[in-house]
Amino acid sequence: MKNMEKKSLKSSRKDGQILKVDLDSTSKAGVLAFVRDSIARKAKFSIVTPNPEIVLMAQKDRNLAQSLEAANLAIPDGIGLSQAARFLSLAAPRNILLRIPVCFVQGLGVGLATFVARDWLLDCLPVIKGRELFMELVKLANKKGWRVFFLGGESGEAKDAGEKLRRSLKSARIAYAPGPMLDDEARPKTQEDKNAEIYCIRQINEFKPHLLFVALKAPRQEKWLMKWLGTLDIGGGMVVGGTFKYISGQSKLPPHWMENLGLEWLWRLITEPWRLKRVLTAFPIFPLKVFLYKLNTP
């Protein structure tokens, strides 16, 4: 079923595989068409948005890797994935003595292309930022008069984002809930959290949203959505990470020039220094892993 549904995107989709994680890339219009068609056919779907950090997590987390594979669409989120796809697409000699310097020069070239030939990277694997796709889907819901449900977030993010969007998108019906605290296997941490999980599932099923947006942090959100997808009375679900923070204004968006140069990781380090570990995962750990993968995969 998953492969059949993906065929509707074939004309506008580029596929890629980064560190054995399959990715689907299409235009925003292609995703919106897929969502409209799926809801019209009452074909439940799931969308995940892997970034370099999540791809790295999947190397050691089999359940996460399976959750990404099970999703109908895995939309790459982050220029780092385009860089990796282009780098891996470049031919390199099999001789290891030649392979190392050639791959090193190729890596430098790909890094430079981020600043001077960005389209060359995106042509190999187009990316869509998860928060931008979220907004496009919410606008679609407003146009269609759909019901949408925001689940998760911290410090009232889902509520703040929901209330803010209600003021501007008056035709969409928006509901929200904080959700349970989960461990990294998407299991409730305490009995209280288990009760909260049961309650939020009941809320979702009573509301019957066309779209469910889950912000429980990776890898929990991906595992949680796949675990409960069959039980939830929804049109489809998408994981959104920290999107509610940006929508509610709790996190600041990077300037466009930093986004265009692939420097969002630097912006996060400046504005949220406590996320140093996550920033280092995006750069330089992820590029190094991709480099080593290519060296060992002639």
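The values are calculated or read from the model by the stated rules, or taken from the named source; none is laboratory data. Quick caveat, the model's predicted, so the values are computed rather than measured. Quick reminder, even Gly has a Cβ in these numbers, built from the backbone with ideal geometry, and neighbours come from all protein chains shown.
Having 1 or more residues that are in contact with a strand residue (DSSP E or B) (Cβ under 8 Å, 6 or more places away or on another chain) is the bar; report the helices (runs of 4 or more DSSP H) wholly within the stretch 249-298 that clear it.
Values: elements: 256-260, 264-271, 276-280, 286-295.
Result: 286-295.
Residue-wise test of (1) in the same structural domain as Ala40 (by TED's automatic domain parsing); (2) farther than 20 Å from Lys42 by Cα; (3) without any contact (Cβ under 8 Å) to a residue 24 or more places away in the chain; (4) not acidic (Asp, Glu).
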site	(1), (2), (3), (4)
Arg166	yes, yes, yes, yes
Glu185	yes, yes, no, no
Lys223	yes, yes, no, yes
Met226	yes, no, no, yes
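Listed by first and then second residue, the pairs linking a residue in the stretch 191-204 that is under 18 Å from Lys159 (Cβ atoms) to a residue that is among the small types (Gly, Ala, Ser) and modelled with pLDDT under 95, with Cβ atoms under 6 Å apart and 6 or more places separating them unless they lie on different chains, are Cys200/Gly179.
Inspection of the stretch 55-71 finds a residue satisfying the criterion of being modelled with pLDDT of 95 or more, more than 16 Å from the chain's Cα centre (by Cα) and not in a helix (DSSP H, G or I).
If you scan the stretch 268-298, which residues turn out to be of a type outside the set (S, T, N, Q) and either over 26 Å from Val116 (Cα atoms) or in contact with a Lys or Arg (Cβ under 8 Å, 6 or more places away or on another chain) (or both)?
Narrowing the stretch 268-298 to residues of a type outside the set (S, T, N, Q): 268-270, 272-280, 282-295, 298.
Residues satisfying the conditions are Arg268, Leu269, Glu272, Pro273, Trp274, Arg275, Leu276, Lys277, Arg278, Val279, Leu295, Pro298.
Could you tell me whether the stretch 231-242 includes any residue that is within 20 Å of the chain's Cα centre (by Cα), in the same structural domain as Ser46 (by TED's automatic domain parsing) and either over 20 Å from Phe149 (Cα atoms) or surrounded by fewer than 21 Cβ atoms within 10 Å (Cβ to Cβ) (or both)? Looking through the stretch 231-242, at least one residue is within 20 Å of the chain's Cα centre (by Cα), in the same structural domain as Ser46 (by TED's automatic domain parsing) and either over 20 Å from Phe149 (Cα atoms) or surrounded by fewer than 21 Cβ atoms within 10 Å (Cβ to Cβ) (or both). Looking at Gly30 and the list (1) in contact with a helix residue (DSSP H, G or I) (Cβ under 6 Å, 6 or more places away or on another chain); (2) in contact (Cβ under 8 Å) with a residue 60 or more places away in the chain, which single condition is not satisfied? So the condition that Gly30 fails would be (2).
The set of residues from the stretch 38-71 being touching a Phe, Trp or Tyr at 6+ places or on another chain (Cβ under 8 Å) and surrounded by fewer than 24 Cβ atoms within 10 Å (Cβ to Cβ) comprises Ser38, Ile39, Phe45, Glu53, Leu56. Would you call Phe87 out of contact with any strand residue (DSSP E or B) (no Cβ under 8 Å at 6 or more places or on another chain) and buried (at least 17 other Cβ atoms within 10 Å of the Cβ)? Taking the combined requirement at face value, the residue satisfies it.
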